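Quick notes on the structure that follows.
Read-outs: derived from the displayed coordinates by stated rules, not from any lab. What you see is a predicted model, and the numbers here were worked out from it, not measured in a lab. Cβ placement follows ideal geometry from the backbone for every residue including glycine, while neighbour counts extend to all protein chains displayed.
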Amino acid sequence: MVKFLACLFMVIDHIGCYFFPQLIWLRMIGRISMPFFAYAIARGYFYSKKKNTLSKYLKNLLIFSLISQIPYFLLHPEGTLNIGFTWLFSLIILIELESKEPILKRILTIAIACCLSIFFPVSYGLYGVLFPILFYCTLIKKKEPLTSFYLSFFLWIVFFLLTNGENIYQIFATLSIPLLLLAIKYDRKIKLPKPFFYLFYPAHLMLIYLLKLLLSL
């Protein structure tokens, strides 16, 4: 259910972004998708660690990000990176937070990942990178939804101030947490094969690109 709704809200967001930018309500609804995907990444980390398959999860996410960059670049020729790279940084930080490596190595790796997410043009920047970590700590490990809401709201305020108010609609990402909690409750009602979610993102971006080409003829 969580991933299904994440994909649904993402499609709504991209319809608004690429075809109807004047319809702000589409972008408002679309803001809900990022927290849903962030939770899925945090949960993926939790189960991969439990099954001792973290390296496989990291590799799959890297391949997904590289493949997705092709259609993403066609839509964003300015050179920004798709959200897969955002989640890669999140996963690296999560791994290091609970690693048994020397503390200085862990701190250095986390600092590098945070800096790269700031200076590289990844989707949502450091704001997006921190969301899976926030959900892992507050929804998966400790089951504290109110703390999750307060911290996500604080993140939005910082993000809003740093972008000079350009991303005011991102507040809907914070307000989506009650809906996310409801989706988690019924998560097993709708289950799709895992490869579907790896394929859906690049496939739907390529479809959007082709539709834009057709409409421009």
Subject >> Elements of type helices (runs of 4 or more DSSP H) contained in the range 1-108, each with 2 or more residues being closer than 24 Å to Ile177 by Cα >> reply: 2-18, 24-30, 33-50, 83-97
Subject >> Selection status of Ile93, of a type in the set (Val, Ile, Thr), in contact with a Gly (Cβ under 8 Å, 6 or more places away or on another chain) and in contact (Cβ under 8 Å) with a residue 24 or more places away in the chain >> reply: no
**OP:** For the range 110-140, enumerate the residues that are in a helix (DSSP H, G or I), among the aromatic types (Phe, Trp, Tyr) and buried (at least 16 other Cβ atoms within 10 Å of the Cβ).
**Re:** Tyr127, Phe131, Phe135, Tyr136
**OP:** List every residue pair whose Cβ atoms sit under 7 Å apart, with the two residues 6 or more apart in sequence or on different chains, where the first one lies in the range 40-57 and is farther than 13 Å from Trp87 by Cβ and the second, anywhere, is among the β-branched types (Val, Ile, Thr) and surrounded by 11 or more Cβ atoms within 10 Å (Cβ to Cβ).
**Re:** Phe46/Ile140; Leu54/Ile95
**OP:** Residue by residue through the range 131-179, note down the ones that are within 16 Å of Ile32 (Cα to Cα) and β-branched (Val, Ile, Thr).
**Re:** Ile168, Ile171, Thr174, Ile177
Original post:
Mind checking whether some residue in the range 3-25 is in contact (Cβ under 8 Å) with a residue 60 or more places away in the chain, within 16 Å of the chain's Cα centre (by Cα) and under 18 Å from Ile140 (Cβ atoms)?
Top reply: yes
